[in-house]
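The values are calculated or read from the model by the stated rules, or taken from the named source; none is laboratory data. Note that this is a predicted model, so its numbers are computed, not measured. Here the Cβ is made from the backbone with ideal geometry for all residues, glycine too, and neighbour counts use every protein chain on show. Side chains included, ligands, DNA and RNA excluded: accessible areas come from the protein's heavy atoms. Shrake-Rupley method; radii C 1.70, N 1.55, O 1.52, S 1.80 Å.
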Amino acid sequence: MKRIFVALIILLLVTAMCGTAIAIQTQTVNKFSVMADDIKEAFESQDYEQCLVLSESFVDEFKAKSRLFPLFMRHSDITSIEETIAALPALLKAGDRHYFAAELAKCRSMLSNLALYESPSLDNIL
Amino acid sequence: MGKRQLGELQPAELVITLLISDLAAVPMQENGMPLLYGIVPIMILVALELLFSGLMLKVALFQRFIGGKSKIIVDDGKVDIKAMKSLRMTMEDLMESLRQQSIFDIRDVQYVIVEPNGKISVLLKPGSRQVTCNDMNLNIPDNGLPMIIISDGKLSQWGLNVCELDDNWLNLVLKENSCSIKDVFLLMADRNRTYHLIKKGQQTA
């Protein structure tokens, strides 16, 4: 009976660990998506100064909040998003708005994918 | 799995052992992969192994389903070809296994059972079995378990306790052999105070 209890405790631990990881990821990615939406809104309303401020804070926020991601996500996935986000303020400063819009769209798409990477869905399992 | 060796593992246990070693290697080989990718499946496999072994102890049906069951391939001296075919075992395999148990003539064999771990158990015909003391009506004294009392000059108090011996007996033995504990390479004894002593420098039995 002791073995069965130990097994159940381990399974509970794993479930808790995975649940926590998914919760952290969903919460953080949602926050990032909202920030990316704000940048897009500012860009579309041609408020480029506000757009630059939001982009710079987005870079800092991503660096600060994605510290836990390498514990449960492939490092290459995080790095590629980080590289895209880091380029946003520089593109705005250089005045390359078309490229900025493209990079922002790419960034939003990557974030929406990131939200699905670790979710326990059938698509991910298969 | 306890203290069982690789050859004694049940098929399911062997598969889990191989899977765990494989999973542990993945995050170690790839730097960009989180450790949790290895730890989580390993923990799940360990938990399942514990759960299965626990259930196998409690539920006989589960034990049969996971661990498999023994199969008789020689039944009362007759080779069961059908059972051997189901195990994909040839006569050569059977003879090889028998030879490994020092049985060279299949006519001596009454029963052969293939255990779930792949090993065979053999029961010889009554006429081919070794004669035992009971067969001869001999009364052999029970000396208990022979234990190492001194090994390379080091005393084992546990050995003394198991053999129900004490320091007085040990001092007597050492005095008889004119040596101290440090001079002894090996001292073995049993419950009946029968001992075998080898001094250092004469390390042959």
What is the packing order of peptides B:153-160, A:22-29, taking the mean over residues of other C-beta atoms within 10 Å and listing the highest first?
A:22-29, B:153-160
Per-residue [θ]222 nm for chain B (sum of -39500 (n - 2.57) over DSSP H runs n ≥ 4, rounded to 500)
-12500 deg cm²/dmol
Which shape class, rounded, prolate or oblate, goes with chain B when its Cα gyration tensor gives a ≥ b ≥ c as root eigenvalues, a/c under 1.5 marks rounded, and past that a/b bigger than b/c marks prolate?
oblate
Quick one: Cα centre-to-centre distance for the stretch B:78-131 and the stretch B:27-51, in angstrom?
41 Å
Taking Cα atoms of the stretch B:71-128, Rg/Rh with Kirkwood Rh, to two decimals?
0.92
May I ask for the accessible area buried between chains B and A, both sides summed, probe 1.4 Å, to the nearest 100 Å²?
1600 Å²
In whole percents, the bins of 10 Å from zero upward hold the Cα-Cα pairs of the protein assembly as shown as 5, 14, 13, 14, 16, 12, 9, 8, 6, 3, 0
Rg to Rh for the stretch B:147-199: what is it, with Cα atoms only and Rh by Kirkwood?
0.90
Contour excess over end-to-end distance, with Cα ends at A:Lys31 and A:Ser119 and 0.36 nm allotted per residue
30.0 nm
Of B:Glu13, B:Glu30, B:Glu92, which has the largest mean-square fluctuation in a 10 Å C-alpha GNM of chain B?
B:Glu30
Test assert for the stretch B:43-63: residues whose accessible surface shrinks by at least 40 Å² between chain alone and all chains, 1.4 Å probe, equal B:Met43, B:Ala47, B:Leu50, B:Leu51, B:Lys58
Amide H neighbours of B:Leu155 at under 5 Å, excluding residues fewer than 5 places away on the same chain, with H built from the backbone geometry, are none
Please give the FRET efficiency for A:Leu126 paired with A:Asp60, using the beta carbon to beta carbon distance and R0 = 35 Å, rounded to the nearest 0.05.
0.40
Largest fluctuation, B:Pro11, B:Pro141, B:Pro41 only, Gaussian network model of chain B with Cα springs under 10 angstrom, belongs to B:Pro141
Taking the Cα centre as origin and putting +1 on Lys and Arg beta-carbons and -1 on Asp and Glu beta-carbons, what dipole magnitude results for the stretch A:1-116, to the nearest 20 debye?
880 debye
How much length is gained if the chain between B:Leu61 and B:Lys85 is pulled fully straight, taking 0.36 nm per residue apart and subtracting their Cα-Cα distance, in nm to one decimal?
6.2 nm
Would you work out which of A:Ala101, B:Gln157, B:Ile103 lies farthest towards the positive end of the dipole of the protein assembly as shown, given +1 charges on the beta-carbon of Lys and Arg and -1 on that of Asp and Glu, about the Cα centre?
B:Ile103
Say we join alpha carbon atoms closer than 10 Å with springs in a Gaussian network model of chain B; which of B:Leu174, B:Leu94, B:Leu50 then has the biggest fluctuation?
B:Leu174
How large is the accessible surface per residue of the stretch B:8-85, computed with a 1.4 Å probe and reported in Å² as a whole number?
62 Å²
